[in-house]
Amino acid sequence: TSSTALPWDLEGRRVVISAGGTRESLDPVRYLGNRSSGRQGYALARIAAHRGADVTLVAAHTADLITPAGVRLIKVGTAEEMRSVMLAEADGADAVVMAAAVADFKPVNRVEHKIKKTERDPEPVALARNPDILAEIVEARSAGKLSASLIVGFAAETGDATSSVLDHGRAKLARKGCDMLVVNAVGEGMAFEVEDNSGWLLGDDGTEERIAFGAKSLLASTLWDSVGRRLSDQ
Ligand code: CTP
Ligand code: CA
């Protein structure tokens with residue numbers, strides 16, 4: 001093998017990855033959405049497949065991306081749809097990675113017919129919370145309702161006056177209760193709709209690894225290195 005070959009360390013591992021941004025319908029033609037391109041989730045799927053894993057990719061809306069060879073793709077629309085697919089697919093997985101940008105809120109009412117323009121200003125759109133898929137997978141595992149060896153979350157954070165990106169990441173890892181958290185630094189021209197990413201990989205075992213600025217495939221490789229190590233230690 002050449003020195004540039006990827007390690008073949010995920011053979012026999014089943015991994016489930018979510019990607020893209022969910023779209024929450026207002027009416028048959030309109031939705032609430034976000035700027036996620038799905039590139040990070042697709043890069044994770046491609047690299048995992050190249051390292052021998054059995055990969056299921058659960059994709060909401062993405063840019064026009066090529067489905068990586070050998071990956072099982074399941075398309076979803078809303079957070080509710082992603083939730084039911086992820087809860088079913090997560091069971092028995094070696095790693096579940098929530099790279100999707102799940103909409104936190106959805107319109108309370110999905111109107112059956114197209115909302116028409118009138119002479120008046122429209123009614124405000126009432127929003128309700130969406131299920132937190134990552135938190136539900138963690139809870140279901142704690143309750144013994146599903147088994148998944150490693151549950152990995154993503155967080156896109158900006159620092160603020162009182163806390164750094166890393167502080168926000170540590171707090172989110174604890175709050176979400178997942179095993180690992182990838183923290184992306186976001187801001188002007190960073191993370192969304194771009195090819196590169198940087199940040200931190202935090203583990204519930206206290207490990208903190210800096211992820212250098214680089215291609216989303218580099219971040220993916222760093223994550224699978226860590227996942228592979230943890231799975232072989234278990
Ligand atoms: N996530 C999820 N379901 C949601 C919202 C988020 O599964 N309804 C997952 C994301 O896929 C990601 C992780 O939770 O892996 C963190 O998402 P993030 O938006 O950073 O965290 P929130 O808990 O929604 O907090 P906030 O947006 O307020 O920072
Ligand atoms: Ca959120």
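The values are calculated or read from the model by the stated rules, or taken from the named source; none is laboratory data. Everything numeric here is computed off the predicted structure, so don't read it as measured data. Note: ideal-geometry Cβ built from the backbone for every residue, glycine included; neighbour counts use all protein chains shown.
Before moving on, here are some points about what is shown:
- Taken together, the residues in segment 63-84 that are among the aliphatic types (A, V, I, L, M) and within 16 Å of ligand 2 (Cβ to nearest atom) amount to 2.
- Residue that is nearest to ligand 2 (Cβ to nearest atom), among those in segment 85-110 that are closer than 10 Å to residue 137 by Cβ and of a type in the set (A, V, I, L, M): 98
- Residue satisfying all of: in segment 121-147; more than 16 Å from ligand 1 (Cβ to nearest atom) and within 25 Å of residue 108 (Cβ to Cβ); surrounded by the most Cβ atoms within 10 Å (Cβ to Cβ) among these: 125
- Every test in (1) buried (at least 19 other Cβ atoms within 10 Å of the Cβ); (2) under 20 Å from residue 227 (Cα atoms); (3) without any contact (Cβ under 8 Å) to a residue 60 or more places away in the chain is passed by residue 94 save one, and that test is (3).
- Criterion applied to 227, 182 was being touching a residue at least 40 places away in the same chain (Cβ under 8 Å), in a strand (DSSP E or B) and within 30 Å of residue 64 (Cα to Cα), and the one residue passing it is 182.
- Restricting attention to segment 206-217, the residues that are surrounded by fewer than 17 Cβ atoms within 10 Å (Cβ to Cβ) and either over 19 Å from residue 165 (Cα atoms) or touching a Gly at 6+ places or on another chain (Cβ under 7 Å) (or both) total 1.
- Verdict on residue 133 being within 13 Å of ligand 2 (Cβ to nearest atom) and closer than 25 Å to residue 41 by Cβ: yes
- Lone unmet requirement of (1) more than 16 Å from the chain's Cα centre (by Cα); (2) buried (at least 19 other Cβ atoms within 10 Å of the Cβ) for residue 226: (2)
- Search result, residues across segment 141-160 that are of a type in the set (Ser, Thr, Tyr) and within 16 Å of ligand 2 (Cβ to nearest atom): 158
- Of the numbered criteria (1) without any contact (Cβ under 8 Å) to a residue 24 or more places away in the chain; (2) exposed (fewer than 13 other Cβ atoms within 10 Å of the Cβ), the one residue 163 fails is (2).
- Check on residue 233, under 15 Å from the mean Cα position of the chain (by Cα), farther than 18 Å from residue 19 by Cα and either hydroxyl-bearing (Ser, Thr, Tyr) or at pLDDT 90 or above (or both): no
- The listed residue being of a type in the set (A, V, I, L, M, F, W, C) and surrounded by 15 or more Cβ atoms within 10 Å (Cβ to Cβ), out of 53, 5: 53
- Considering only residues in segment 69-100 that are farther than 29 Å from residue 27 by Cα and small (Gly, Ala, Ser), the one that is nearest to ligand 1 (Cβ to nearest atom) turns out to be 90.
- Here 181, 219 are screened, and the one residue that is on the phi < 0 side of the Ramachandran plot, more than 15 Å from ligand 2 (Cβ to nearest atom) and either modelled with pLDDT under 95 or of a type in the set (A, V, I, L, M) (or both) is 219.
- Exactly one residue out of 104, 64 is under 21 Å from residue 33 (Cβ atoms) and within 13 Å of ligand 1 (Cβ to nearest atom), and it is 104.
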